[in-house]
Amino acid sequence: MKIIFASSTTSDPDSWIRLLEEAIPGAEIVNWSDNSGTVGADLAITWSPPHDLFLREPGIQAVFNLGAGVDALLKLPGLRDNVPVIRLEDAGMAVQMAEYAVYALVRASRSFDRYQQLQGERRWEPQQDIRRRNWPVGVLGMGVMGARVAQMLAALEYPVAGWSRSGKALPDVQSFAGSDTLPAFLARTRVLINTLPLTPETRGLLNRETLGQLLPGAYLVNVGRGGHLVEDDLIPLLDSGVLSGATLDVFSQEPLPTGHPFWADPRITITPHVAAASLREETVAQVAEKIRRYRAGEALTGIVARERGY
């Protein structure tokens, strides 16, 4: 079995390949960047793969992605319809994303940004005590990541609701299902946390119209994909008071250009796509087990439904 490891962003592919070779006995794993021609790969392990991966390796029978997001992968030319794409499930990412959501929510609800400003001015000014009922949270997307976020915030006793296409029942989390319920979900939400996958249906979902349906002075947290947010709409929404602030981990162009107006806006907190990183050992173990099951003809989880895009 020959596997090609194809990543255009991994800084140390050799360390990944060593771990994968240990976890997948008998496999020959070839680094994409070490070869200029076709190597005859049977399988591909990818993360942000090069544009011509499937054109150069037409014999690939299955693709194992080192992350949960597959929107860019599915656009690559030469990826045949009958080639299964298997995405990573959690591998330590869900708890990180939940931590990030807590960080953003607590900074907003407990006025910690204001306290940081007051410290710089050497002013002792206690802000209004928190009343969690005044900070209803809405989580867009209730997959592995979104469900973990919703559960953790509910455990902190914030009113939490989750919205997804099909709905998901969780203790202490109000469930909204389907596009017909989206307006009601938005109307009860003050802090909106986006964990959705990027699909044609969700691209641009965070825009002037939808964000304008949130409770006044709402706060946005985007840990999904940059393509979910219509970036030109954000600052006008902040200027009008429809939104009070935003924490953004993902952007339409990454790295975020140095001249982008988000950098200079104190109402916007920026992090460089770090909300949930896949942990190497956990990722290797999961991918190795998925490959074992694939070769044995056993049932697999994490298979991407092409028609849905995730």
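A few notes on this one:
- If you check Leu153, Leu196, Leu215, Leu192 for being in a loop (DSSP other than H, G, I, E, B), in contact with a helix residue (DSSP H, G or I) (Cβ under 9 Å, 6 or more places away or on another chain) and buried (at least 23 other Cβ atoms within 10 Å of the Cβ), only one passes: Leu196.
- Between Thr210, Thr202, the distinction of being within 26 Å of Ala68 (Cβ to Cβ), of a type in the set (S, T, N, Q) and under 19 Å from the mean Cα position of the chain (by Cα) belongs to Thr202 only.
- Count of residues meeting criterion [over 18 Å from Asp249 (Cα atoms), of a type in the set (Lys, Arg) and free of Cβ contacts under 8 Å to residues at least 60 places away in the same chain] in the range 262-293: 1
- Highlighted here are the helices (runs of 4 or more DSSP H) found entirely within the range 1-116 that include at least 3 residues which are touching a residue at least 60 places away in the same chain (Cβ under 8 Å) and not small (Gly, Ala, Ser): 13-23, 93-109.
- Within the range 156-168, the set of residues being in a strand (DSSP E or B) and of a type in the set (Gly, Ala, Ser) comprises Ala161, Gly162, Ser164.
- Within the range 128-156, residues that are at positive phi have Cβ atoms under 7 Å from residues that are outside any loop (DSSP other than H, G, I, E, B) in these pairs: Gly141/Ser164; Gly141/Asn194, counting only partners at least 6 apart in sequence or on another chain.
- Within the option set Ala44, Ala104, being at pLDDT 95 or above, touching a helix residue (DSSP H, G or I) at 6+ places or on another chain (Cβ under 7 Å) and small (Gly, Ala, Ser) holds for one residue only, Ala44.
- Counting the residues of the range 218-230 that are without any contact (Cβ under 8 Å) to a residue 40 or more places away in the chain and either over 19 Å from the mean Cα position of the chain (by Cα) or not in a strand (DSSP E or B) (or both) gives 4.
- Subset tally (residues that are assigned to a helix (DSSP H, G or I) and surrounded by 20 or more Cβ atoms within 10 Å (Cβ to Cβ)) for the range 135-150: 6
- Residue that is surrounded by the most Cβ atoms within 10 Å (Cβ to Cβ), among those in the range 31-68 that are aliphatic (A, V, I, L, M) and closer than 19 Å to Arg292 by Cβ: Ile45
- Filter result (part of a helix (DSSP H, G or I), of a type outside the set (Ser, Thr, Tyr) and at pLDDT 95 or above) within the range 269-294: Val284, Ala285, Gln286, Val287, Ala288, Glu289, Lys290, Ile291, Arg292, Arg293
- Number of residues in the range 1-52 that are more than 18 Å from Val63 (Cβ to Cβ) and not hydroxyl-bearing (Ser, Thr, Tyr) equals 10.
- Annotation: of all residues in the range 171-186 being assigned to a strand (DSSP E or B) and in contact with a helix residue (DSSP H, G or I) (Cβ under 6 Å, 6 or more places away or on another chain), the one that is nearest to Leu206 (Cα to Cα) is Phe176.
- Residues of the range 280-291 that are closer than 16 Å to Ser15 by Cα and either charged (D, E, K, R) or not assigned by TED's automatic domain parsing to the domain that holds Trp47 (or both): Arg280, Glu281, Glu282.
- Complete set of residues in the range 219-255 that are farther than 13 Å from Leu140 by Cβ, of a type in the set (Gly, Ala, Ser) and crowded, with 22+ Cβ neighbours inside 10 Å: Ala246
The values are calculated or read from the model by the stated rules, or taken from the named source; none is laboratory data. Values in this document were obtained by computation on a predicted structure and should not be read as measured data. Cβ sites come from the backbone with ideal geometry, for glycine too, and all protein chains shown count toward neighbours.
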